[in-house]
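What follows is a set of notes on a single structure, which appears directly below.
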Amino acid sequence: MTEKLGVLLVDVPEPSMWEYTYVKLDDYRDRFSIENTTAVGVVSQFGYKCTEEEAKKYPQFRWVALEEL
């Protein structure tokens, strides 16, 4: 059985002009960055993907399964 993949979201105070603030891994620089968007497709495509178990290493972020976005 394969584990679900999800992305790491950042909880920001309201009001926010962005619907999603997410963690992105920059493959070229091999480091993380925080990005904003209103499009769920952008989060699904560019967000850092990990399992719920792996996300426990980053308690400052909220893990959300891809199918729940």
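The values are calculated or read from the model by the stated rules, or taken from the named source; none is laboratory data. If you're wondering where the values come from, they're calculated on a predicted model, not measured in any experiment. Cβ placement follows ideal geometry from the backbone for every residue including glycine, while neighbour counts extend to all protein chains displayed. Keep in mind that these areas ignore ligands, DNA and RNA; they rest on the heavy atoms of the full protein, side chains included. Shrake-Rupley method; radii C 1.70, N 1.55, O 1.52, S 1.80 Å.
Summed over the stretch 1-30, the residues that are within 11 Å of the chain's Cα centre (by Cα), open to solvent by less than 100 Å² (accessible area, probe 1.4 Å) and not hydrophobic (A, V, I, L, M, F, W, C) give a count of 5.
Among the residues of the stretch 31-40, those identified as free of Cβ contacts under 8 Å to residues at least 24 places away in the same chain and open to solvent by 50 Å² or more (accessible area, probe 1.4 Å) are 31, 32, 35, 36, 38. Among the residues of the stretch 41-57, those identified as more than 12 Å from residue 22 (Cβ to Cβ) and open to solvent by 50 Å² or more (accessible area, probe 1.4 Å) are 52, 53, 54, 56, 57.
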